[in-house]
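So the structure is just underneath, and the comments pick up after that.
The values are calculated or read from the model by the stated rules, or taken from the named source; none is laboratory data. Computed from a prediction, not measured in an experiment: that's the story for all the values here. Here the Cβ positions follow ideal geometry from the backbone for every residue, glycine too, while neighbour counts run over all protein chains shown. Calculation scope for accessible area: heavy atoms of the full protein, side chains included, ligands and nucleic acids excluded. Shrake-Rupley method; radii C 1.70, N 1.55, O 1.52, S 1.80 Å.
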Amino acid sequence: MKPGGLILRSIRPTIINSFVIERIEIDLKHINYGLDPKKGYGQKARSTFVIEDIIRFFESLNGMEIEFNFDDGWEYFVVDKSFFDKMIIYRMVFCIDHKEPSICGIITFFQIKRGVH
């Protein structure tokens, strides 16, 4: 089930596996505040990402072949990649519904660790 408050944005066509993604739905509140299954969204911000940050990161995945998990018509992806500051690695979790393959749902995005040069 999709949460309320998703933000839908058009992006440059981005190819992930065999999908050509032209729009993304972003749960920006989940990204910036986290989510607790019992309490809902967090009360204190854990990050300050804006829509443009999420779009730039997603578009940087263009042409990638990414492993996925399949569940009831949805493909779920987890990508760890350095971006913005090359010393920092970020994780993006997203999904694609086979019924609407040109739209990708961005579930969450966060910094996971500093990279090593």
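Structural remarks
- Phe70 vs. criteria open to solvent by 20 Å² or more (accessible area, probe 1.4 Å) and either touching a Gly at 6+ places or on another chain (Cβ under 6 Å) or in a strand (DSSP E or B) (or both): yes
- A single entry from Gly40, Gly34 fulfils the requirement of being small (Gly, Ala, Ser), within 15 Å of the chain's Cα centre (by Cα) and at pLDDT below 90: Gly34.
- Among the residues of the range 1-53, the ones that are in contact with a helix residue (DSSP H, G or I) (Cβ under 7 Å, 6 or more places away or on another chain), free of Cβ contacts under 8 Å to residues at least 60 places away in the same chain and open to solvent by 90 Å² or more (accessible area, probe 1.4 Å) come to 3 in all.
- Being over 11 Å from the mean Cα position of the chain (by Cα), open to solvent by less than 90 Å² (accessible area, probe 1.4 Å) and under 20 Å from Ser47 (Cβ atoms) is a description that applies to Phe83.
- Options Ile96, Ile112; residue that is closer than 16 Å to Lys2 by Cβ and either surrounded by 14 or more Cβ atoms within 10 Å (Cβ to Cβ) or within 15 Å of the chain's Cα centre (by Cα) (or both): Ile96
- Residue within the range 83-90 that is of a type in the set (Val, Ile, Thr) and either at pLDDT below 95 or at positive phi (or both) present: yes
- Residue, nearest to Glu25 (Cα to Cα), within the range 73-117, restricted to residues that are among the basic types (Lys, Arg) and part of a strand (DSSP E or B): Arg91
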